[in-house]
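Reading through the structure tokens given below for one structure.
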């Protein structure tokens, strides 16, 4: 179980880093930015259709983190009930 939660925490951190990179011009074109984008964009593309923008602020990353944590929590409960 703790491995699942550790993986979710790490991926949530990567999503936050991805969001913070948008504050710096050209950050996504750096080697580090391309690596983070390659890891995060497949999951974030699931939320692109929802149009979660208010003005110039996008809430895709925040909603993606909430959904990820809820899914991990639900999966953890299911696994816990199956194993014990």
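Between the Cα long axis of helix 2-21 and the first principal axis of the chain there is an angle of about 10°, rounded to the nearest 10. Extension gain for the segment residue 22 to residue 41, taken as residue separation times 0.36 nm less the Cα-Cα distance, is 5.5 nm to one decimal. Rounded to the nearest 10 degrees, the angle from helix 31-44 to the longest Cα principal axis of the chain is 60 degrees. Need one number: nm distance between label points at residue 49 and residue 30, each 7 Å from Cα along Cα→Cβ, rounded to one decimal. Taking the two extended label points, one gets 3.4 nm. Compared with the dominant principal axis of the Cα atoms in the chain, helix 60-83 is inclined by about 10°.
One way to sum up the overall shape of the chain is the equivalent ellipsoid from its Cα gyration tensor, whose semi-axes run 28, 16, 9 Å, largest first. If R0 is taken as 25 Å, the Cβ-Cβ distance between residue 77 and residue 10 corresponds to a FRET efficiency of 0.75.
Quick note: the coordinates plus some simple rules give every number you see, no bench work behind them. This is a predicted model, so every value here is computed, not measured. We place every Cβ from the backbone using ideal geometry, glycine too, and count neighbours over all the protein chains shown.
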